Structure formats: structure tokens, C-alpha cells
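Bear in mind that the values in this text are calculations on the coordinates, not laboratory data. Model, not experiment: these values are computed from the prediction. Cβ placement follows ideal geometry from the backbone for every residue including glycine, while neighbour counts extend to all protein chains displayed.
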Amino acid sequence: MKNIPKNFSKFLMVFLVAAIALGGASSCNSKKKLAKEQAAAAEAKKIEQANNDLNAIINGTSGWTVDEQAKRVATIKSYNFDDPEIQKLIGEAEKAIEFGRAEEERKAEEERLRMEEEARIRAEQSKYAGIDNQLAAIATASSVDAANNEINSALQQFASPDAPVLIIISQENGVNDYDRPTSAQNFLNYLKDVKGYNFKVVSVQRDSAGKITELELLKKW
């Protein structure tokens with residue numbers, strides 16, 4: 001040991017310092033490489049998820065509302081992916097969202113029209129409810145005298161006892177098929193005799209005084 005040159009000790013010290021420095025540099029490079037690999041993996045995973053989501057939107061299998069789809073596409077666009085396939089899918093997804101929104105608007109309009117039609121029908125039905133009730137009262141009167149009283153009361157609503165009563169017995173493709181025409185007087189007496197009212201008032205014509213000049217009913221089988 002005593003024969004080891006002094007210069008060798010200095011050399012050994014320099015070698016150790018260099019080794020430590022190289023080891024530190026190598027460790028730093030390894031960390032940078034790992035960070036890059038992790039960032040690349042995260043980017044690849046984000047692209048894969050974007051690809052899956054965009055295809056789900058395009059194919060209509062995402063289960064998201066149109067607004068949720070639009071929000072997801074906006075998020076993907078904000079990533080600014082430099083990927084031609086993703087850019088292509090974004091365009092297709094936006095078209096799918098546009099179509100979906102148009103479908104929603106169409107269905108909403110159909111529903112609005114349906115509800116309006118139902119409201120119109122209900123209003124039309126309630127408009128003639130009073131006449132239906134009066135005719136039904138004749139058929140369900142407790143006695144002949146009571147039925148005659150109801151008939152006399154009902155006739156006050158007509159311009160004449162001979163006012164025509166039209167009875168629809170079938171409807172097909174918007175075309176009505178009528179039974180033989182009768183008069184108000186005869187129809188009211190018919191209700192008294194059969195003791196049943198299986199009709200529904202669908203149209204009433206009135207004169208300037210508000211009296212019924214024509215009554216149209218639908219027969220319910």
C-alpha cells in the first residue's frame with residue numbers, strides 16, 4: 001500500500017467523480033426517456049378513446065343525448081390532435097350530430113302537431129257534449145212521460161221538427177257512408193223506443209238564431 005504512487009490516488013478520485021457524474025447524467029436521461037414514453041402512452045390512449053367515442057357517435061351507439069355528443073366532439077377538437085383519421089371522424093361525427101338534432105326537431109314538431117290535434121278533437125267533442133247528453137237523456141228516461149218531456153225540451157233546440165238528422169254508419173279513407181236520412185222528430189222518438197243511445201254528435205249546422213238546422217251523428221257499433 002505504501003508503494004502506491006500519489007498520482008494514482010488523484011487518478012482514482014477523478015475517476016470516481018466522473019463515474020458519479022456519468023451515473024447522474026444517465027439517471028437523468030432515463031427519467032426524461034420514461035417521461036416521454038409515459039406522455040406518448042397517454043397521448044395514444046387519449047387518441048384511442050377519442051376514436052372510440054367518435055365512432056360511437058357516428059354509429060349512434062354512444063347512448064348520449066345530442067347535446068352530450070356535441071360537447072364530447074368539442075372536447076376532442078380542443079385537443080388539437082395531429083391525426084388525419086381523428087380529423088376525418090370529427091367531421092363525420094359533426095354531420096351525425098347535425099342529423100340527430102334535425103331528427104329531434106322533427107319529432108318535437110310532430111309531437112306538437114299531435115297534441116294540437118288531440119286538443120282540437122277534445123274541444124270539438126266537448127262542444128257537442130251538451131247535445132249528446134240531451135239525446136242520451138231521452139233514451140235513458142225512466143218513463144214514457146219523462147222521455148216525452150225530454151223530447152219536447154230537445155226539439156226546442158231545432159229550427160224545425162223536420163230538421164234533417166244524418167247518421168254516419170261507416171267511415172273509410174275520409175268518406176262517410178250514411179244511413180237513410182231522418183228528421184229530428186223521428187230520431188228523438190226512435191231514441192225513446194230503443195232506450196239506448198249509441199251515437200256521437202260530429203257536426204251541427206245552425207241558423208242565424210242559433211237553432212239546429214242539421215244534425216250529423218256517428219253510429220257507434
Cut-off under 5 Å, modelled amide H: who pairs with residue 214 long-range: 205
Selected from 221, 96, 210, residue furthest toward positive end of dipole (the chain; charges at beta carbon): 96
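Within the range 173-221, report the trypsin sites (Lys or Arg not before Pro) that DSSP leaves as loop and that have at most 13 other Cβ atoms within 10 Å. Walk me through the numbers on the way to the answer.
Working: sites: 192, 195, 200, 206, 211, 219, 220; in loops: 195, 211, 220.
Loop-located and lightly packed - 195, 220.
List the chymotrypsin sites (Phe, Trp or Tyr not before Pro) within the range 125-219 that DSSP assigns to loop and that have no more than 11 neighbouring Cβ atoms inside 10 Å.
Numbers: sites: 128, 158, 178, 187, 190, 197, 199; in loops: 128, 197.
Answer in residue order: no site qualifies.
What net charge is computed for the residues neighbouring residue 198, neighbours being all others with C-beta under 10 Å from the C-beta of residue 198, Lys and Arg scored +1, Asp and Glu -1?
On the way: positive: 200, 219, 220; negative: none.
Result for the local shell: +3.
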Residue-by-residue Karplus 3J(HN,Hα) for the range 82-92, coefficients 6.51, -1.76, 1.60, Hz, glycine and proline x: 8, 9, x, 5, 5, 4, 5, 5, 4, x, 5
Residue-wise HN-Hα coupling along the range 154-163, computed from phi with Karplus coefficients 6.51, -1.76, 1.60 (Hz; x: Gly, Pro): 5, 4, 5, 7, 9, 5, 7, x, 8, 4
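With runs of 4+ DSSP H residues as the only contributors, calculate the mean residue ellipticity of the chain at 222 nm using -39,500 (n - 2.57) per run, divided by the residue total and rounded to the nearest 500.
-23000 deg cm²/dmol
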Prolate/oblate/rounded label for the range 132-219 (Cα gyration tensor, a/c 1.5): oblate
Net charge of Cβ neighbours under 13 Å - reference residue 87; Lys, Arg +1; Asp, Glu -1: -3
Aspartates and glutamates whose Cα lies under 13 Å from that of residue 31, excluding same-chain neighbours fewer than 8 positions away: none
Karplus (6.51, -1.76, 1.60) ³J(HN,Hα), θ = phi - 60°, over the range 204-221, in Hz, Gly and Pro reported as x: 9, 9, 10, 8, 4, 8, x, 7, 6, 9, 7, 10, 10, 10, 9, 7, 9, 7
Residue among 55, 148, 29 with the largest mean-square fluctuation in a Gaussian network model of the chain, springs linking Cα atoms under 10 Å: 29
